[in-house]
Amino acid sequence: MTLSNSSLSDQLQISMKQINRDLERIVTADPDVASRSIVRKSVLELIRSGGKRLRPIMVIIGSRFGIKPERTNVYQLAAVCEFIHAASLVHDDILDQADTRRGQPSLHKTTNVQTAVQVGNYMMSRVLELLSARTKDRDRNIDELASLTTTQLCLGEYQQMDNRYNFDLTLEQYWEKTRNKTAILMATSLHLGARASEADEEVAKQLYEFGDQLGMAFQVRDDVLDLQQSAEALGKPAGADLRNGQVTLPVLLAMEEPAIESHLRKLHEGAPDQLFDEAIKLIRNSGAIERALEVSHTFMQRAWDITEQLADYPAHRDLQTLWHYFEKRTY
Amino acid sequence: MITQFIQDMYEQLERELPQQAGIQLNADLYNIRLQDMAVRLHHVEMAHKERLALLGCYALVLLSLRIHDQLPTDPAAAGRSVLDGDFIMSFYLQFALRHGFIDLIAELAPVIKQVQIKRAERKQTDEAHIHKQTVKYITKRYKKLYPLTQTFKQVTYDVV
């Protein structure tokens, strides 16, 4: 699902132009990458294919809670967060064997798997090169590098991969995977922005919590959309996650009904489409979609509460603007 | 002695590796680059745990690069290997930071990146530069490198 984000950045008075320029500069200013290199071409295409730029926006908002907001280092960090996210998507598409991304062929389809893997790797290494080369404030560098390592993201992928068609998945396992795959990088983006602008540590922690709650709500809603919307609206078959063996929150909730549980347990890789179609219909009619949305709403409510706790900071309004953006997406 | 040192290093990595990934590192005790690095580290005055950690960092970088360079043709298996390579690289970063080697990350990042650029461009490359850069880092950091033996020089010539 791609939503135009110009209105969000306008409302927050964040320059998308500058974010995009900083993003492109990460590769164009790299003396090791030739101007005609497949690496440069691929990275620029990835950046120019769009995206919501939520993570850089979060870094910048986070910085508004500190005493040195929106300095050059904040914009650089913002670009770095988006670069890591984009690199992870390149590898994600290979893992998921996804042919398209944002309506365009995935990088491993326009090149090949080997090249796409190395382009994703390049993006991660370039970020490391930039972050680790900074000599000022070594302790902060260590913190930033540590929080930007993608170990948790990888663990989330393993959890997803190893639990395909696992209808014994517990809610606890589902939350852990969701947090690892989605929420942590959002939480980290806000936290990094706050730390970079020397915000109070307690405030930085609250911002992390806000990002975590928002990320969890975002992912639950994504899981709901997959089952709720039509193939036309999604641009992929309805229930694509389930067809791919992903056991998401609405599926887990629907399984509380024994008849649905026994139907879902018949699903496996290679099961006929008709069986999946029936399962999706059963889930849609079970009330699980509405219950999952309620859970998403609970996360959103907790996030809102944090914005109110931060009411002494003028930037709490920016947090609420971001909240409204997510709320529109979640309801 | 060197084989035991490498074995100890793998055991340490196994202990620190997050279990959720379900990855088991196959101890490659006879890898010539690893052996060379182990010999070099033994010639430098430092605490044994530092020696183990440095060799561990080096082993993780090599492993990640090799996994991504030798992907299976089957798409599902390739996906798993991509994830394994990513995970090992991110674990290298955590491991290096945990053991106080942020400088090593800074030294190696550009050369790792150059290997990846060449591989994306389908150009010939190996890990020799990473080996050299790691040695350079160790030399610079510890400065008390003992004189190298003739045998050691020969090993170095063969692999670098």
Next on the checklist: Yes or no: the range A:107-123 includes at least one residue that is of a type in the set (A, V, I, L, M), in a loop (DSSP other than H, G, I, E, B), more than 18 Å from the chain's Cα centre (by Cα) and more than 10 Å from chain B (Cβ to nearest Cβ).
Outcome noted: no
Every listed condition ((1) at pLDDT 95 or above; (2) more than 7 Å from every other protein chain (Cβ to nearest Cβ); (3) closer than 19 Å to residue A:42 by Cβ) holds for residue B:68 save (2)
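Of A:287, A:245, which residue is on the phi > 0 side of the Ramachandran plot and in contact (Cβ under 8 Å) with a residue 60 or more places away in the chain? First the steps, then the outcome.
Working: A:287 fails: in contact (Cβ under 8 Å) with a residue 60 or more places away in the chain.
Selected residue: A:245, the only one of A:287, A:245 that is on the phi > 0 side of the Ramachandran plot and in contact (Cβ under 8 Å) with a residue 60 or more places away in the chain.
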Of those in the range B:3-19 that are among the polar types (S, T, N, Q) and under 16 Å from residue B:92 (Cα atoms), the residue nearest to the other protein chains (Cβ to nearest Cβ) is B:19
| message | Among the residues of the range A:129-142, are any buried (at least 21 other Cβ atoms within 10 Å of the Cβ), touching a residue at least 24 places away in the same chain (Cβ under 8 Å) and more than 7 Å from chain B (Cβ to nearest Cβ)? | response | no
Just one listed residue, out of A:225, A:185, is more than 9 Å from chain B (Cβ to nearest Cβ) and farther than 23 Å from residue B:94 by Cβ, and it is A:225
Filter the range A:143-163 for residues that are within 8 Å of chain B (Cβ to nearest Cβ) and outside any helix (DSSP H, G or I); the one that is nearest to residue A:269 (Cα to Cα) is A:150
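Please verify whether residue A:67 is among the β-branched types (Val, Ile, Thr), in a loop (DSSP other than H, G, I, E, B) and surrounded by fewer than 24 Cβ atoms within 10 Å (Cβ to Cβ), treating the condition exactly as stated.
Values: among the β-branched types (Val, Ile, Thr): yes; in a loop (DSSP other than H, G, I, E, B): yes; surrounded by fewer than 24 Cβ atoms within 10 Å (Cβ to Cβ): yes.
When the stated conditions are applied, residue A:67 passes them.
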All conditions in (1) crowded, with 16+ Cβ neighbours inside 10 Å; (2) modelled with pLDDT of 95 or more; (3) more than 24 Å from residue A:63 (Cα to Cα) are true of residue A:315 except (3)
Residue B:27 fails exactly one of (1) within 13 Å of the chain's Cα centre (by Cα); (2) assigned to a helix (DSSP H, G or I); (3) at pLDDT below 95, namely (2)
query = Mind checking whether some residue in the range A:278-299 is touching a Phe, Trp or Tyr at 6+ places or on another chain (Cβ under 6 Å) and either buried (at least 18 other Cβ atoms within 10 Å of the Cβ) or of a type outside the set (Val, Ile, Thr) (or both)?
reply = no
Screening A:225, A:253, A:275, A:282 for residues that are touching a residue at least 40 places away in the same chain (Cβ under 8 Å) and not charged (D, E, K, R) leaves only A:225
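Considering only residues of the range A:91-106 that are of a type outside the set (Asp, Glu) and within 11 Å of another protein chain (Cβ to nearest Cβ), which is surrounded by the fewest Cβ atoms within 10 Å (Cβ to Cβ)? Step through it out loud before you land on a result.
Initially, the range A:91-106 is screened for residues of a type outside the set (Asp, Glu), giving A:91, A:94-95, A:97-98, A:100-106.
In the following step, the residues that additionally are within 11 Å of another protein chain (Cβ to nearest Cβ) were identified as A:91, A:94-95, A:97-98.
On the way: A:91: 28, A:94: 23, A:95: 20, A:97: 14, A:98: 17.
Filtering first and then ranking leaves A:97.
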Quick count over the range A:249-272, residues being part of a helix (DSSP H, G or I) and within 29 Å of the chain's Cα centre (by Cα), is 7
Exception for residue A:102 within (1) in contact with a helix residue (DSSP H, G or I) (Cβ under 6 Å, 6 or more places away or on another chain); (2) of a type in the set (D, E, K, R); (3) touching a residue at least 12 places away in the same chain (Cβ under 8 Å) falls at (1)
How many residues of the range B:72-105 are under 23 Å from residue A:159 (Cβ atoms) and either among the acidic types (Asp, Glu) or touching a residue at least 12 places away in the same chain (Cβ under 8 Å) (or both)? The answer is 14
Within the range B:20-40, residues being under 23 Å from residue B:132 (Cβ atoms) and either within 14 Å of chain A (Cβ to nearest Cβ) or surrounded by 19 or more Cβ atoms within 10 Å (Cβ to Cβ) (or both) number 6
Counting only residues that are within 14 Å of chain B (Cβ to nearest Cβ), among the small types (Gly, Ala, Ser) and crowded, with 22+ Cβ neighbours inside 10 Å, the range A:24-64 contains a total of 1
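The values are calculated or read from the model by the stated rules, or taken from the named source; none is laboratory data. Just so we're clear, the structure is a prediction, and the values are computed from it rather than from any experiment. Cβ coordinates were reconstructed from backbone atoms using ideal geometry, including for glycine residues, and neighbour counts include every protein chain displayed.
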